[in-house]
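Report on one structure; see the data block that follows.
The values are calculated or read from the model by the stated rules, or taken from the named source; none is laboratory data. For clarity, every value in this text was computed on a predicted model and none was experimentally measured. Neighbour counts run over all protein chains shown; Cβ positions are idealised from the backbone, glycine included. Surface accessibility is based on the protein's heavy atoms, side chains included, excluding ligands, DNA and RNA. Shrake-Rupley method; radii C 1.70, N 1.55, O 1.52, S 1.80 Å.
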Amino acid sequence: MEKREMKGSGVWVVLVLFVLVEWVVSKKGGDDDGVKIWPMPASVSYGHKNVYMSKDFQLKTEGTNYNDASSILKDGFFRFLDVVKLAHVVDGDFSKFDASTILQGLNVVILSQNDELQYGVDESYKLSVPYPQNPAFAHLEAQTVYGALHGLQTFSQLCNFNFSSRVVEVYKTPWTITDQPRFSFRGLLIDTSRHYQPLPVIKKVIDSMAYAKLNVLHWHIVDTQSFPLEIPSYPKLWDGAYSIQERYTVADAAEIVRQVIYLLYAQTRGINVLAELDVPGHALSWGIGYPFLWPSKDCQQPLDVSNEFSFKVIDGILSDFSKIFKFKFVHLGGDEVNTTCSVPGLGEGNRLGAGRGCWTLTPRVSKWLKKHGMNESEAYQYFVLRAQEIALSHGYEIVNWEETFNDFGDKLNPKTVVHNWLGGGVAEKVVAAGLRCIVSNQDKWYLDHLDALWPDFYMNEPLTNITNPKQQKLVIGGEVCMWGETVDASDIEQTIWPRAAAAAERLWTPYDNLAKDPRQVFGRLKHFRCLLNKRGVAAAPLTGLGRSAPMEPGSCYSQ
């Protein structure tokens, strides 16, 4: 996907003005109602009393229908305890506190026995701290365990380590919070082809996503530059990795999604993994192990439309995917298959180089096109639709980048979700055609565009100009995209955060509860950014371009 260039001095003028406004707002306290939760819940009420978590704060499940056979709730509760303590030693003298101010634990009631994680799962919850019928315990009720995990994330933001008493306190009780997401698909894309991301880094990204209630990791695994994933059906494909040390085994991928012996990583955090196999373009690296996938040695992408082997390999990859990636959707790309000639090296810095010219310039492929009465555009459509049929045969529904809709939208399978990225106005056309849509317009939600500031992320509305309620439901959500040309393990976190959090509130919080001016949430987002830092997430300051460093010595809360 083609990048936008920085707009020079104009960007800096806007940035300086915005920093000055932010400074004024921060001095006034910004949003000063005392609620520091991010993203903002649907309904919140609170009081003015602080209570203190017992040193032996316990989990109870009286009245629940959920047996937690996979330990999803139990593990989530232990993570909750870890993040509220923030590695501090809780060694305060509880005998100095009034017994009525000691919170003994949390009772969690989950109504559903099912813990299958899938698109559209009920993520609602109700949290009471403390619970009026049992003041010694907080109470969390959810339809599913995944709603309960979100409730734990919210509860964790009500807690602080008190450096005077050396205990964890819960401020402004009693709290009553009723909450559910606005959109069912709230995604973050990471790209492991342009730079390899080690497994611990991917796991940290998943942890940080859960803090902001994002729920889909879009894993753009392979591309022109490298093919790092093991594919048992075609074991030479990962010959296209940068090196033998920069690869993911099948077991690695399975651990990201679901660890061996039913223990889970992404699933235990309520996060689906959307795997992407971008075809027919962006596939030069496939031919390192299987050169027959190239139209020719000198014209190496898109994949050879005339060769049945291309479709056999796609079928084998998706068959292997289906054993690992259980999300109902698979992403088949389909973008940037333009009409220019692809040659080795073209576009390696900007994701281009997927031209259909290779098909007409290769005599064997050109002959096939003439035999089947197709021009380049028709062959592109044929390839995308055939790949869709293969994915459907493996039980997937399909996501494709918007070019497929722009070029031949009426031919796409009805189960297609169109992924908008080129700009505004696409989503309304997609839903008017009766298809579903994911919004990621690059001018607002591309994290590699460092000149896209956090207010841009916050104010980007997926339902712009879509007023028909039936069509609004076809916008299943949105996604921020961390393309990998300029990020590796050294800088991915500070490029994602806190701008991704600004989009996360847009996708979670009811529309009527969203701020109409981003300055109104500056103080609360600043607080969340500092909370991410405390939890070990390298989130950058709000004042500056994406991935900016602190300007000067000072408190986290002043940056």
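Looking only at residues that are more than 22 Å from Y446 (Cβ to Cβ) and aliphatic (A, V, I, L, M) in the range 394-426, which one is nearest to the chain's Cα centre (by Cα)?
Among those residues, the one meeting the criterion is I398.
Does K429 satisfy the criteria of being among the basic types (K, R) and either surrounded by fewer than 19 Cβ atoms within 10 Å (Cβ to Cβ) or more than 20 Å from the chain's Cα centre (by Cα) (or both)?
Spelling it out, K429 is indeed among the basic types (K, R) and either surrounded by fewer than 19 Cβ atoms within 10 Å (Cβ to Cβ) or more than 20 Å from the chain's Cα centre (by Cα) (or both).
Can we say L318 is open to solvent by less than 10 Å² (accessible area, probe 1.4 Å), part of a loop (DSSP other than H, G, I, E, B), modelled with pLDDT of 95 or more and under 26 Å from H419 (Cβ atoms)?
In short, no.
Tell me, yes or no, whether the range 56-72 has at least one residue that is more than 19 Å from C159 (Cα to Cα), among the small types (G, A, S), in contact with a strand residue (DSSP E or B) (Cβ under 6 Å, 6 or more places away or on another chain) and exposed (fewer than 15 other Cβ atoms within 10 Å of the Cβ).
So far as the range 56-72 goes, yes, one or more of its residues are more than 19 Å from C159 (Cα to Cα), among the small types (G, A, S), in contact with a strand residue (DSSP E or B) (Cβ under 6 Å, 6 or more places away or on another chain) and exposed (fewer than 15 other Cβ atoms within 10 Å of the Cβ).
Run A251 past the list (1) open to solvent by 50 Å² or more (accessible area, probe 1.4 Å); (2) modelled with pLDDT under 95; (3) within 19 Å of L369 (Cα to Cα) and report the number of the one that doesn't hold.
Unmet condition: (3).
Looking at S124, S43, S71, can you tell me which residue is touching a Gly at 6+ places or on another chain (Cβ under 7 Å) and polar (S, T, N, Q)?
S124 is the lone residue from the list that is touching a Gly at 6+ places or on another chain (Cβ under 7 Å) and polar (S, T, N, Q).
Looking at (1) modelled with pLDDT under 95; (2) under 28 Å from H195 (Cβ atoms); (3) surrounded by 15 or more Cβ atoms within 10 Å (Cβ to Cβ), which is the only condition E376 fails?
(2) is the only condition that E376 fails.
Of all residues being in contact (Cβ under 8 Å) with a residue 40 or more places away in the chain and in a helix (DSSP H, G or I) in the range 80-102, which is nearest to K55 (Cα to Cα)? Just the residue, please.
Going through the qualifying residues, I end up with F94.
With the requirement that a residue be under 30 Å from I206 (Cβ atoms) and not in a loop (DSSP other than H, G, I, E, B), what does the range 268-293 give you?
Listed by number, the residues that qualify are T268, R269, N272, V273, L274, A275, E276, W286, I288, G289.
From the list R519, R529, which one is charged (D, E, K, R) and touching a helix residue (DSSP H, G or I) at 6+ places or on another chain (Cβ under 7 Å)?
R519
Pairs needed: first member in the range 297-322, in contact (Cβ under 8 Å) with a residue 24 or more places away in the chain; second member anywhere, buried (at least 23 other Cβ atoms within 10 Å of the Cβ) and of a type in the set (K, R); C-beta distance under 8 Å; at least 6 residues apart or different chains.
So the pair list comes out as P302/R356.
Residues are listed down the side, and each one gets a yes or a no for (1) in contact with a Gly (Cβ under 7 Å, 6 or more places away or on another chain); (2) under 26 Å from P198 (Cβ atoms); (3) modelled with pLDDT under 95:
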residue: L447; (1), (2), (3): yes, yes, no
residue: E461; (1), (2), (3): no, no, no
residue: V480; (1), (2), (3): no, yes, no
residue: G523; (1), (2), (3): yes, no, no
residue: K526; (1), (2), (3): no, no, no
residue: Q559; (1), (2), (3): no, no, yes
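Report, ordered by the first and then the second residue, all pairs with beta carbons closer than 6 Å, sequence separation of six or more or different chains, a first member in the range 425-443 that is free of Cβ contacts under 8 Å to residues at least 40 places away in the same chain, and a second member that is open to solvent by less than 20 Å² (accessible area, probe 1.4 Å) and part of a loop (DSSP other than H, G, I, E, B).
Matching pairs, first to second residue: V426/E402; N441/G423.
Could you check the range 56-104 and list, in sequence order, the residues that are modelled with pLDDT of 95 or more and either of a type in the set (F, W, Y) or on the phi > 0 side of the Ramachandran plot (or both)?
F57, G63, Y66, D68, F77, F78, F80
Check the range 492-513 and report whether any residue there is over 21 Å from H449 (Cβ atoms) and open to solvent by less than 10 Å² (accessible area, probe 1.4 Å).
Taking every residue of the range 492-513 in turn, at least one turns out to be over 21 Å from H449 (Cβ atoms) and open to solvent by less than 10 Å² (accessible area, probe 1.4 Å).
Quick check on my filter: what residues within the range 153-169 are touching a strand residue (DSSP E or B) at 6+ places or on another chain (Cβ under 7 Å) and under 11 Å from L127 (Cβ atoms)?
T154, F155, L158
Report, by residue number, each residue of the range 82-91 that is touching a helix residue (DSSP H, G or I) at 6+ places or on another chain (Cβ under 9 Å) and either open to solvent by less than 30 Å² (accessible area, probe 1.4 Å) or not hydrophobic (A, V, I, L, M, F, W, C) (or both).
Listed by number, the residues that qualify are V83, V84.
Select from the range 154-181 the residues that are in contact with a Phe, Trp or Tyr (Cβ under 6 Å, 6 or more places away or on another chain) and open to solvent by 10 Å² or more (accessible area, probe 1.4 Å) and write down the one among them that is nearest to L86 (Cα to Cα).
Applying the filter and picking the extreme gives E169.
Have a look at S310, S226, S233, S296 and point out the one that is in a loop (DSSP other than H, G, I, E, B), hydroxyl-bearing (S, T, Y), open to solvent by less than 30 Å² (accessible area, probe 1.4 Å) and farther than 30 Å from S184 by Cβ.
Every option except S226 fails the conditions.
Among the residues of the range 43-55, which ones are surrounded by fewer than 17 Cβ atoms within 10 Å (Cβ to Cβ) and under 22 Å from T144 (Cβ atoms)?
S43
Whether any residue in the range 32-39 is open to solvent by less than 70 Å² (accessible area, probe 1.4 Å), in a strand (DSSP E or B) and modelled with pLDDT of 90 or more is what I want to check.
no
Mind listing whichever residues of the range 92-140 are open to solvent by 30 Å² or more (accessible area, probe 1.4 Å), within 30 Å of the chain's Cα centre (by Cα) and of a type in the set (D, E, K, R)?
Within the range 92-140, D115, E116, D122, K126 qualify.
Yes or no, residue by residue, for (1) under 17 Å from the mean Cα position of the chain (by Cα); (2) more than 23 Å from G334 (Cβ to Cβ):
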residue	(1), (2)
D179	no, yes
G187	yes, no
I190	yes, no
Y196	no, yes
I202	yes, yes
I206	yes, yes
K213	yes, yes
I221	yes, no
Q225	no, no
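Can you pull out every residue in the range 441-484 that is within 15 Å of R506 (Cβ to Cβ), open to solvent by 40 Å² or more (accessible area, probe 1.4 Å) and hydroxyl-bearing (S, T, Y)?
Of everything in the range 441-484, just one residue is within 15 Å of R506 (Cβ to Cβ), open to solvent by 40 Å² or more (accessible area, probe 1.4 Å) and hydroxyl-bearing (S, T, Y), namely T464.
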